[in-house]
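Notes to accompany the following structure.
The values are calculated or read from the model by the stated rules, or taken from the named source; none is laboratory data. As the structure is a prediction and not an experimental result, all values here were calculated from the model. For neighbour counting, all protein chains shown are included, and Cβ atoms are generated from backbone atoms with ideal geometry for every residue, glycine included.
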Amino acid sequence: LSTITAQVSVDYIPEASYYKVEAVLRPWRVPQVSSAMLKMGIRGVTVSDVRGFGVQGGLTERQAGSEFSEDKFVAKVKMEIVVSKNQVEAVIEKIIEEARTGEIGDGKIFVVPVADVIRVRTGERGEKAERMMGGRTDMFSAAESPAA
Ligand code: ATP
Ligand code: GLN
């Protein structure tokens, strides 16, 4: 358990209490990534179908030898996961573990500082809004309490 509770000290800039981990991934890897997220106590995830190009799209384009056109975009899924700062590295690590094939087109992850989190139902802000019932923080406090 000590390995998963380990605090990582990466200096993200700009400094914030919460960050959005935004991962653009191969669509067929997303079920695997999302179930891994649930297992590690990540309860809040937003996904969208997107299209894009990176080296993968570029290669297709060069092989085709034609002008860039919209049909060169590759279908991807964007997962957006807002977590507290001390959870960012664990989330990144897990996404890589579950999404990586080693081939061009595995995707990319962006880390974006989040100014505030507001829960619409209650109007809560900040830490109260970001924490989710039964989420990663609850998981660890339960594991560390003598009653558990
Ligand atoms: P409530 O307790 O009121 O249900 P909640 O925090 O569980 O609040 P929801 O209202 O269930 O939040 O969330 C609505 C949507 O917001 C989710 O379907 C998801 O797309 C997105 N979402 C919520 N939390 C996060 C998060 N931490 N990161 C990314 N997306 C999130
Ligand atoms: N940081 C939240 C918690 O520990 C979980 C956030 C999320 O599920 N995206 O409860």
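Below, the figures for the structure above:
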{"quantity": "Test: residue in region 119-126 that is touching a residue at least 40 places away in the same chain (Cβ under 8 Å), within 24 Å of K94 (Cα to Cα) and out of contact with any Pro (no Cβ under 7 Å at 6 or more places or on another chain)", "calculated": "no"}
{"quantity": "Residue identified as β-branched (V, I, T), closer than 17 Å to G41 by Cβ and out of contact with any Cys (no Cβ under 9 Å at 6 or more places or on another chain) among V114, V91, V120", "calculated": "V91"}
{"quantity": "Enumerated helices (runs of 4 or more DSSP H) restricted to region 29-148, each holding at least 3 residues that are surrounded by 13 or more Cβ atoms within 10 Å (Cβ to Cβ) and at pLDDT below 95", "calculated": "55-64"}
